[in-house]
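To keep things clear, I will list the structure first and then write my remarks on it.
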Amino acid sequence: MATNTVCQVVPSPAEDAAALLKAFQGWGTDEQAVIAILARRDATQRKQIILTYEQMYNESLLQRLQSELSGDFERAMCQWILDPDERQAVTANAAMKCIQEEYPVIIEIACAISSEEFIAVKKAYHVLYKCSLEEDVAACSTGNLRSLLLALVSTYRYDGKDVNMGLAKSEAKIVHEVLRNGAIDNEELIRIVGTRSKAQLKATFSCFKDEHNSSITKALLHATDPTCYLRALRTTVRCIADANKYFAKVLRNATREAGTDEDTLTRVVVMHAEKDLKGISSAFQKRTSVTLEQVIAKETSGDYRSFLMALLGS
C-alpha cells in the first residue's frame with residue numbers, strides 16, 4: 001500500500017501552478033509550499049500540473065525546480081515529479097554509467113514490478129534514449145553479469161499465481177546440483193531465475209529450503225566468484241523471494257550510522273511511496289525494531305527530511 005497522502009479536495013492544476021510560481025518568487029524559495037503541493041498530488045495530478053505550468057508560464061517546471069532547489073532535496077523532488085515509468089527509465093539509464101556497482105537498480109526495476117509495468121518502463125526508455133534498455137545493458141556489462149541482467153530485462157514473466165509444484169521440485173533439484181558442483185554460471189540457473197514467474201520461483205525457493213534446510217541465498221554464500229555476478233544473483237533471488245523484506249534491508253543499509261546513502265534512500269522512498277512503501281516500512285520496523293520515520297528523521301535534515309516524511313504520510 002502507498003504511504004503518501006493525496007489531498008481530499010485538490011485545487012485545479014492552474015491553481016497549483018500559480019501557487020508554485022508564488023513559492024518560487026521573492027527573496028527565497030518557499031520550499032515548504034512546494035512540498036505541501038507536490039508531495040500531496042498523485043502521478044496523474046502532478047502530470048497535469050507540469051503541463052499547465054508550462055502552458056501558463058512558458059517554462060519547464062522541472063527546470064525551474066532544478067534552479068530553485070538544491071542538494072538531496074532537489075534531486076528527490078525532481079525524481080518525484082516525473083511520470084513513474086519515465087522515472088524508472090531515467091534511474092535505469094543512470095545506473096548504466098557504473099553498472100558493476102549499480103546492478104541492483106536494474107534488478108529492482110526488472111524484478112519488483114509487474115510485467116505490464118516493466119513493458120511501460122521499457123517503452124519510456126525507448127522514447128528518452130532512442131535505444132532499448134536491453135541494448136544498453138548488453139553494452140555496459142560483461143560476462144556472467146551481462147547474461148543475468150539481459151535475461152532479467154528481456155523476459156516477459158507470467159504474473160499469475162498458478163504454480164506447478166512438480167516443476168518447482170525438479171528445478172529446486174537443478175539449482176542444488178548447480179550449487180553443489182560450484183557451477184554458478186550454469187545457463188540453467190540463469191534460465192530459471194530469468195524466465196519463471198515470481199510465484200513459480202517462490203515455490204522453487206521453498207522446495208529448495210524444505211529439501212536442504214537452507215535458503216538459496218545462504219547456499220550461494222558458499223559459492224565463489226571473482227566478479228559481482230554472484231552478488232547480483234543473490235540480489236535477484238532476494239528481490240523476487242520477498243520484495244518488502246529486500247527493500248527493508250536496502251533501506252537499513254542506506255541509513256547505517258557510518259553514513260547515510262541519500263541516493264539509495266531517495267530511490268526507494270520515491271519509487272515506492274505511491275505503491276507499496278507501507279509494506280516495506282512494516283518489514284523495516286520488524287527487522288530493526290524502529291520505524292522508518294524515526295530513522296529518516298534522525299539521519300536526514302532540512303527540506304529533504306520534510307519531503308521524505310511527507311511521502312511517508314507524516
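The values are calculated or read from the model by the stated rules, or taken from the named source; none is laboratory data. Note that this is a predicted model, so its numbers are computed, not measured. For neighbour counting, all protein chains shown are included, and Cβ atoms are generated from backbone atoms with ideal geometry for every residue, glycine included. Keep in mind that these areas ignore ligands, DNA and RNA; they rest on the heavy atoms of the full protein, side chains included. Shrake-Rupley method; radii C 1.70, N 1.55, O 1.52, S 1.80 Å.
The Cα atoms of the stretch 147-251 give a gyration tensor whose axes a ≥ b ≥ c have a/c under 1.5, which makes the shape rounded. Global dimensions of the stretch 254-314 from alpha-carbon coordinates: Rg and Dmax equal 10.7, 29 Å. The trypsin sites (Lys or Arg not before Pro) of the stretch 8-52 include none that DSSP puts in a loop with a beta carbon having at most 13 other beta carbons within 10 Å.
Which order do the peptides 291-303, 242-254 take when ranked by the mean count of other beta-carbon atoms within 10 Å per residue, highest first? Intermediate results must be reported in sequence, preceding the final value.
Numbers: 291-303: 17.1, 242-254: 19.5.
Taking the mean over residues of other Cβ atoms within 10 Å, the ranking is 242-254, 291-303.
How large is the helix-only mean residue ellipticity at 222 nm for the chain, computed as the sum of -39500 (n - 2.57) over DSSP H runs with n ≥ 4, divided by its residue count, in deg cm²/dmol to the nearest 500? Mind dumping the intermediate values first?
Working: 20 runs with 226 residues, N = 314.
Helix-only estimate at 222 nm: -22000 deg cm²/dmol.
Taking the alpha carbon gyration tensor of the stretch 1-134, what are the square roots of 5 times its eigenvalues, largest first, to the nearest whole Å? Let's see the in-between values first.
Numbers: eigenvalues 167, 55, 42 Å².
Gyration-tensor ellipsoid for the stretch 1-134: 29, 17, 14 Å.
Could you tell me how many degrees, from 0 to 90 and to the nearest 10, lie between the Cα long axis of helix 143-154 and the main elongation axis, the longest principal axis, of the Cα atoms of the chain? The angle comes out at about 60 degrees. For the stretch 266-314, the relative contact order works out to 41 percent when only alpha carbon pairs closer than 8 Å and six or more residues apart are counted. Taking Cα atoms only, the orientation of helix 302-311 departs from the longest principal axis of the chain by about 70 degrees.
Protein heavy-atom accessible surface, 1.4 Å probe, per residue over the stretch 219-314: 44 Å². Of the solvent-accessible surface of the stretch 20-105, computed with a 1.4 Å probe and all protein chains present, 47% belongs to carbon and sulfur. Measure out, as a whole number of angstrom, how far apart the alpha-carbon centroids of the stretch 253-297 and the stretch 14-82 sit. Cα centres, the stretch 253-297 to the stretch 14-82: 24 Å.
A simple packing score, the average count of other Cβ atoms within 10 Å per residue, orders the peptides 137-146, 84-93 as 84-93, 137-146, with the highest score first.
For the chain, take the alpha-carbon Rg, divide it by the Kirkwood Rh, and send me Rg/Rh. Spell out each step's value before the answer.
Numbers: Rg = 21.1 Å, Rh = 21.0 Å.
We get a ratio of 1.01 for the chain.
In the chain, the longest principal axis of the Cα atoms and the axis of helix 262-272 are about 90 degrees apart.
Considering only protein heavy atoms and a 1.4 Å probe, what is the carbon-and-sulfur percentage of the accessible area of the stretch 213-314?
Exposed carbon and sulfur together represent 46 percent of the surface.
Of the trypsin sites (Lys or Arg not before Pro) found in the stretch 254-295, those in coil by DSSP whose Cβ has at most 11 other Cβ atoms within 10 Å are Arg256.
Using the Cβ of Pro84 as centre and a radius below 15 Å, the other residues enclosed give a net charge of -1, where K and R count +1 and D and E count -1.
Note on the stretch 64-114: Rg/Rh from Cα positions, Kirkwood definition for Rh, rounded to two decimals, is 1.03.
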